Amino acid sequence: MSIFGTKFTLNRAICSKTKKIRPALRTRYMKNLILPTLLLLYTVSTNAQDSFQLARPLLKYPSAFFTNEMSVEMAFAEPSTQIRYTLDGQEPTEDSPLYTQPVRITKRFTSVKARVFSTIYQPSDVIEATFIKDGLPIKSVENTPPNQKYKGSGAVTLIDNKGGTTNISGGTWLGFQTDTVEIVMHLSKKEKVKNVLVNLLRDYGSWIFLPEKIEVFAFKNNAFQLVDNKTFEQNKNVNGSACVATVFALKNGIKTDKLKIQLHLVKQIPDWHAGKGNKSWIFIDEVKAY
Amino acid sequence: MKRNEFVKASSLGLLGALLPVQYMGKTEVILGHNNKRYKINTRWSQADVARYPVNNCHEMVQDKKGRILLLTDETRNNVLIYNKNGKILDSWGTEYPGAHGFTLFHENGEDMLFICDNNRHQVIKTTIDGRVLMTLDYPKEAGIYTKAEEYVPTETAIAPNGDIYVADGYGKDYIIQYNHKGEYIRHFGGKGDTPAHLSNAHGICVDLRDKANPCLVVSSRVQNAFKRYDLAGKYLETIDLKGAWVCRPVIKGEYLYAAVLQSNNSTGAQSGFVTILDKNNKVVSNLAGSTPQYQGNQIEEMYQTIKAFQYPHDVLIDDEECMYVAQWNSGKTYPIKLEQV
């Protein structure tokens, strides 16, 4: 008989004298039987089962902005799965707290991260949202006129505590396509301001980019003084849309009742994007002072 | 001697290490809910990518011989013809760069195909072998288009009397009705703010499940809904499929099936799945999607739960109730077959 090209007969394989397997045939036996068997097993095992990943769980909340406290609901309607989450910015693991009921948020700035696990599928990617508490009372806001299609409810859109979702048609965002956007915040009274927050949207698929640069000014001694600035990198490897809450620091705090935020848009959409060479958009839904 | 023993020992060791790998993924993946559950075979297509390449796999139909026909916008072979085991039997088509819609109609015992081409701005009727029988340009007599480029037909549906309904899903979202000879009858739908209007009228089919009241089911994909009209274009109702960017409705037996291109909670992120509605147009199963839930008559938002699909674009249900899913923008992958369990 022949197995994998090795011709042999059973009685010839075993030496009649010593009852041991003949050396030459033993080597050939190894080569021609065991190795192919291993190869067969390997190919069978790799073709055995598609290994799918879970999709990200849902974070459900009416707005990412709140006055005193809020609750975040998490959902994933797939049997035999567990949502695990963190509130400290760490990536959730199977040892992180298990979601069982809406999570209460009270701090000024909370980054909620969640992931879903199961025994059948690979763990999902992380979904994240940042929840932002109200700061110093803001009396009014003026801003560069937004694009007609994305004018929300006017300037008040930026201080109504509504927003923090990636839905651009929900009326919570102001969308701009001008080269520079200016926002002036009038506080209810003059007080020490330590931080300024701006919530932006990044959604490359909708041609919404982060600004190239943001400068923050505080009104002091009859003029706006530059207190902080940031430049932004556009990351072409990022998928999907996300809110980007940016915080600026006023060193040692400044007593003022007027703040100005100047956002400079990316002049031309970069080469790696389908809209290259065109004007970009920026979207803003809320500003705060602390 | 020593070397042989070493070889033997390490081979057995490797064997021991590999066996568990085979058993690890043993729990079979079953997708769907209620009595519409399926196991998935991502390796169904046996097409050699060098001989029969695809670009976007847009739509599929089954002919009277039981063959599975796939429409792709790859002009080397716009139509690939498979047997049910995934083997390529034939191919044709090089003149359809915008091949998108694909509908089969039995006309006097023969299979006729209707192809919608986005780039040519035309609907083309062919025999099963690709011989062109009729070409329909944009409907000048409707008075709603000034030039061909405004008309981007995505789908056709053929009524039992042969009337042709064309969905201009990437143009002005009108449904254009012609008789079987291609003569314009009327148009309806279009963009607007009332329930009768449409936003991305991506697909259309004729629904004969209620024989006394045949109707049309039209996708309004951006609104995550289907809309029903009677055969004369009168708006009947909206079937809300909150969260699901539904492609064309496909009716087989009592059920309505649709590929969902993506989930509204995760757009632009390969978040597609497949949805199945029963004869009352209630969602009973989502393959790779969330468990269907209703609060009274109001559907809960649907979304992808398992990343088994990227951007499903069409489903085909064959004569054995097996499902095939064709995908758009999914790495030029071939259709996936699913079998009901």
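The values are calculated or read from the model by the stated rules, or taken from the named source; none is laboratory data. Just so it is clear, the model here is predicted, and its values are computed rather than measured. Virtual Cβ from ideal backbone geometry, glycine too; neighbours counted across all protein chains shown.
Data table
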read-out	value
Residue count for region B:272-281, restricted to those that are within 14 Å of chain A (Cβ to nearest Cβ) and in contact with a His (Cβ under 9 Å, 6 or more places away or on another chain)	1
Residue satisfying condition, being β-branched (V, I, T), within 21 Å of B:Y145 (Cα to Cα), at pLDDT 95 or above and in contact with a Pro (Cβ under 7 Å, 6 or more places away or on another chain), within set B:I204, B:I176	B:I176
Strands (runs of 3 or more DSSP E) wholly inside region B:73-163 containing at least 2 residues that are farther than 23 Å from B:H202 by Cβ, in contact with a Phe, Trp or Tyr (Cβ under 7 Å, 6 or more places away or on another chain) and not aromatic (F, W, Y)	B:88-92
Residues that are part of a strand (DSSP E or B), more than 8 Å from chain A (Cβ to nearest Cβ) and either under 25 Å from A:Q122 (Cβ atoms) or among the aromatic types (F, W, Y) (or both), drawn from region B:282-312	B:S285, B:N286, B:L287, B:G289, B:Y294, B:P312
Residue match in region B:11-29 (condition: loosely packed, with under 15 Cβ neighbours inside 10 Å, over 19 Å from the mean Cα position of the chain (by Cα), modelled with pLDDT under 95 and closer than 24 Å to B:Y257 by Cα)	yes
Every pair of residues 6+ apart whose Cβ atoms lie under 8 Å, when the first sits in region B:277-295 and is closer than 12 Å to B:I239 by Cβ while the second is in a loop (DSSP other than H, G, I, E, B)	B:D278/B:E254; B:K282/B:P292; B:V283/B:L241; B:V283/B:P292; B:V283/B:M302
A:I168 vs. criteria in contact with a Leu (Cβ under 9 Å, 6 or more places away or on another chain), surrounded by 15 or more Cβ atoms within 10 Å (Cβ to Cβ) and closer than 20 Å to A:C243 by Cα	yes
Qualifying residue in region B:45-52 (condition: in contact (Cβ under 8 Å) with a residue 40 or more places away in the chain, assigned to a loop (DSSP other than H, G, I, E, B) and buried (at least 19 other Cβ atoms within 10 Å of the Cβ))	yes
Residue, nearest to the other protein chains (Cβ to nearest Cβ), within region B:250-271, restricted to residues that are part of a loop (DSSP other than H, G, I, E, B) and closer than 14 Å to B:V284 by Cβ	B:E254
Matching strands (runs of 3 or more DSSP E) fully within region A:42-153 where at least 3 residues are surrounded by 12 or more Cβ atoms within 10 Å (Cβ to Cβ) and more than 14 Å from chain B (Cβ to nearest Cβ)	A:70-75, A:81-86, A:109-118, A:127-133, A:138-143
Condition met for A:E191 (surrounded by fewer than 19 Cβ atoms within 10 Å (Cβ to Cβ) and either part of a strand (DSSP E or B) or at pLDDT 95 or above (or both))	yes
The lone exception for B:V217 - which of (1) out of contact with any His (no Cβ under 9 Å at 6 or more places or on another chain); (2) buried (at least 23 other Cβ atoms within 10 Å of the Cβ); (3) in contact (Cβ under 8 Å) with a residue 40 or more places away in the chain it fails	(3)
Conditions (1) touching a helix residue (DSSP H, G or I) at 6+ places or on another chain (Cβ under 9 Å); (2) in contact (Cβ under 8 Å) with a residue 60 or more places away in the chain; (3) hydrophobic (A, V, I, L, M, F, W, C); number of the one not met by B:A244	(2)
Lone qualifier among B:G272, B:G289, B:G268, B:G331 - being among the small types (G, A, S), modelled with pLDDT of 95 or more and surrounded by fewer than 24 Cβ atoms within 10 Å (Cβ to Cβ)	B:G331
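Every residue, every condition in (1) over 21 Å from B:A269 (Cβ atoms); (2) touching a strand residue (DSSP E or B) at 6+ places or on another chain (Cβ under 9 Å); (3) in contact (Cβ under 8 Å) with a residue 60 or more places away in the chain, yes or no:
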| residue | (1), (2), (3) |
| --- | --- |
| A:P145 | yes, yes, no |
| A:S169 | no, no, no |
| A:K190 | yes, yes, yes |
| A:G205 | no, no, no |
